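A short worksheet on the structure shown next.
The values are calculated or read from the model by the stated rules, or taken from the named source; none is laboratory data. Nothing here was measured: the structure is a model prediction, and the numbers come from that model. Cβ placement follows ideal geometry from the backbone for every residue including glycine, while neighbour counts extend to all protein chains displayed. Side chains are part of the model used for accessible areas, which takes the heavy atoms of the whole protein and leaves out ligands, DNA and RNA. Shrake-Rupley method; radii C 1.70, N 1.55, O 1.52, S 1.80 Å.
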Amino acid sequence: MYKKKILVVLGGISKERKVSLETGKSCIKSLKKIGYRVIKFDPKYSSIFDIKKYKPDIIFNALHGKYGED
């Protein structure tokens, strides 16, 4: 059975980076627990344009603050 690949975007560069990392880690843990393949992506260290190379089925936005939920 094919398991979807989910890319979780977390961290970032806003003032809310710390809470975004915690949110993302919790999401990753839960997604892995139910069997999804998960990729962690932090735009602080990689260009958002690099997401394409991972070929995710789904992108989960766990960013907080500016450049995320705002």
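Filter the cross-link list Lys18/Lys66; Lys5/Lys53; Lys5/Lys33; Lys3/Lys44 down to pairs whose alpha-carbon distance in this structure exceeds 21 Å. Before the final figure, lay out each step's value.
Working: Lys18/Lys66 13 Å; Lys5/Lys53 13 Å; Lys5/Lys33 14 Å; Lys3/Lys44 28 Å.
Beyond 21 Å between Cα atoms: Lys3/Lys44.
Sketch the reach of a paramagnetic label on Asp50 as a point 7 Å from Cα along Cα-to-Cβ, and name the residues of segment 1-39 whose backbone nitrogen lies under 13 Å away.
Of the residues in segment 1-39, 10, 12 have backbone N under 13 Å from the label point off Asp50.
Nearest 20 debye, what's the magnitude of the dipole of the chain about its Cα centre given +1 on Lys and Arg Cβ and -1 on Asp and Glu Cβ? List each step's numbers first, then the result.
On the way: 17 positive and 7 negative charges, 78 e Å.
Around 380 debye, computed over the chain.
Given a Förster radius of 25 Å and the C-beta distance between Met1 and Glu69 as r, what FRET efficiency does 1/(1 + (r/R0)^6) yield to the nearest 0.05? Mind showing how you got there, number by number?
Values: r = 33 Å, r/R0 = 1.31.
Rounded to the nearest 0.05, the efficiency is 0.15.
What shape does segment 16-55 have by the C-alpha gyration tensor, where a ≥ b ≥ c are the square roots of the eigenvalues, rounded means a/c under 1.5, and otherwise prolate means a/b greater than b/c and oblate the rest?
Details: a/c = 4.23, a/b = 1.15, b/c = 3.66.
Oblate, since a/c reaches 1.5 and b/c is not below a/b.
With each run of n ≥ 4 DSSP H residues scored as -39500 (n - 2.57), what mean residue ellipticity at 222 nm is computed for the chain after dividing by its residue count and rounding to the nearest 500 deg cm²/dmol?
Working: 2 runs with 21 residues, N = 70.
Mean residue ellipticity, 222 nm, calculated: -9000 deg cm²/dmol.
What does the accessible area of Phe60 come to, in Å² to the nearest 10, when a probe of 1.4 Å is used?
Answer for Phe60: close to 90 Å² accessible.
Sort the chain into rounded, prolate or oblate with this rule: let a ≥ b ≥ c be the square roots of the eigenvalues of the Cα gyration tensor; rounded if a/c is under 1.5, and if a/c is not under 1.5, prolate when a/b is larger than b/c, oblate otherwise.
Judged from the Cα gyration tensor, the chain comes out oblate (a/c at least 1.5, b/c at or above a/b).
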